[in-house]
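To start, the structure itself, in structure tokens.
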Amino acid sequence: MVLIAILAMRPSSASAAEPFRKVLTSASQNLHVELWEMTSRKVTPKSPAAWFVRKVTLHGGKQEGVDLIVVNNGKLEITIVPTRGMGVLKAQMGDVRLGWDAPVKDVVHPQWINLQSRGGLGWLDGFNEWLCRCGLENNGGPGPDKFINNVGDEATMELTLHGKIANLPAQEVEVTVDREPPYRIRVRGRVDEKMFYGPKLELETEISTEPGANSFRIADVITNRGGQEQEFEILYHANFGQPLLEAGATFLAPVERVTPMNERAAKAMATYPEYLGPTAGFIEQVYCLRPLADSAGRTVATLQNRARDRGVSMAYSIRELPYLTLWKNTAAEAEGYVTGIEPGTNFPNHRRIERKLGRVPKLAPGASHRAAIDFEILGSREQVKRVTELIGSIQAGRKPVIDPQPEKKE
């Protein structure tokens, strides 16, 4: 009996291995932690690299009240913005930055965003993240679309640029860390895009990395919490500026087909994977790509600098994200010198166009769509070469179809 009592008092191996967990925001618990920090010394002292996670709240100007979570894994640092749809402001490893120098300098709180301004382009008033999601009800350009209203009649609504999700604060946010190797660090959040007589979509995301790694993952689940079938769209707007973007930088991916989005892009089809330096008066060029994948359905895209000794790769399943958009905006630096590599469930045309062309998926009541992207920062010529060879093996000598004209949309 004494032995039983002693064993009952000891922590079990299962409980000892339970991950560390800290709730930072909870609408259901009426909880908000303004400042907080945790380190590897306190949670995983045997970790191969010293890491920390820090939560801060910004003050001043339009960023008053915006939450940031900084995850430093000992090699790379990721800055997450729960207030702006769990987007990622930037990531940095050594001299390689994932991000860009946007004209918008504040991390703008959604309360200052009027999505309807400038003909539905108000989304741009807060656009400066490295990665923001476009969706969930819709993405693409603004303009009118049809829907069924609360009395069952067909009505017209004005969709705004790239939807709402990037300007909705997270309801629930927590940090977890595995106490056993490989000591994975996870930031989880839930963002609701719900309304009465409208969509009831829920985004659950996990942004994670391992101590000392040069990579991280964004894994999302989008669920229809309504009682009726619901259209949805998701596009991952990953934006890159200097130092990766420069004159002579190159985009590379295994591609089945490339189509210009408009006539302006069509004029530059011959050089669509290549980049200029900052160019005053440059007008954006957008290309719609259908990626090839390996036998497991996975593809990879990369942006490489001119010297081919720095870069970034994005690996994901085309079963989850079948379309890839390349956005080139090599304008003057003051205007926003940037390119976007954007996997998605659709191309960023207006929803009525994507619906007509069969690229607007639907979720049954209670059904979910999963999507995950693995990002790797490439810090050497050897790493860039490895990814280039991987892309070549997926392309396998197949010549992509290069469409000289945009897709017919009407």
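We did not get these values from a lab; they are worked out from the coordinates using the rules stated. All values reported here derive from a predicted model rather than from experimental measurement. We place every Cβ from the backbone using ideal geometry, glycine too, and count neighbours over all the protein chains shown.
When the chain is treated as a GNM, springs tying every alpha-carbon pair under 10 Å, which of Ala166, Ala247, Ala307 comes out with the largest mean-square fluctuation? The residue that fluctuates most here is Ala307. The sum of -39500 (n - 2.57) across all DSSP H runs of n ≥ 4, divided by the residue count of the chain, sets its helix-only mean residue ellipticity at 222 nm to -2500 deg cm²/dmol. Only one residue of Gly392, Phe240, Val300 has its Cα farthest out toward the positive end of the dipole of the chain, where Lys and Arg carry +1 and Asp and Glu -1 on Cβ, and that residue is Gly392. Under the classification rounded if a/c is under 1.5, otherwise prolate if a/b is larger than b/c and oblate if not, where does segment 82-137 fall, given a ≥ b ≥ c as square roots of the Cα gyration tensor eigenvalues? The shape class here is prolate. For Rg and Dmax of the Cα atoms in Å, the candidate list reads (1) 22.2, 84; (2) 26.0, 99; (3) 35.1, 127; the entry that matches the value derived from this model is (1). Charged side chains reduced to their Cβ positions (Lys and Arg at +1, Asp and Glu at -1) give segment 263-361 a dipole of some 400 debye around its Cα centre.
Over what distance in Å are the Cα centres of segment 348-375 and segment 15-91 separated? About 30 Å separates the Cα centre of segment 348-375 from the one of segment 15-91. About the centre of its Cα atoms, the chain shows a dipole size close to 780 debye [charges on the beta carbon of Lys, Arg (+1) and Asp, Glu (-1) only; nearest 20 debye]. Loop-located trypsin sites (Lys or Arg not before Pro) in segment 23-119 (DSSP state other than H, G, I, E, B) with a sparse environment of at most 12 neighbouring Cβ atoms within 10 Å: Lys46, Lys105.
Between Gly226, Gly366, Gly344, the Gaussian network model of the chain with springs among Cα atoms under 10 angstrom shows the greatest mean-square fluctuation at Gly366. Distant-in-sequence amide contacts of Tyr323, defined by a placed amide H-H separation under 5 Å and a gap of 5 or more residues or a different chain, comprise Gly344, Asn346. Relative to the dominant Cα principal axis of the chain, helix 381-395 is inclined by about 60°.
Exposed loop sites are taken as chymotrypsin sites (Phe, Trp or Tyr not before Pro) in a DSSP loop (any state but H, G, I, E or B) with at most 14 other beta carbon atoms within 10 Å; the longest stretch of the chain without one runs 198-410. What do you get for trypsin sites (Lys or Arg not before Pro) in segment 215-283 restricted to DSSP loop and a cutoff of at most 16 other Cβ within 10 Å of the site's Cβ? Listed in order of number, the matching sites are Arg225, Lys267. The label point for Val151 and the one for Val104, both projected 7 Å from the Cα toward the Cβ, are 3.7 nm apart. The trypsin sites (Lys or Arg not before Pro) of segment 297-328 that meet both conditions, a loop assignment by DSSP and at most 13 other Cβ atoms within 10 Å of the site Cβ, are Arg319. For the cross-link pairs Lys146/Lys356; Lys90/Lys200; Lys267/Lys356, the ones whose C-alpha atoms lie over 21 Å apart are Lys90/Lys200; Lys267/Lys356. Separation of segment 149-224 from segment 377-394 is 30 Å, based on Cα centroids.
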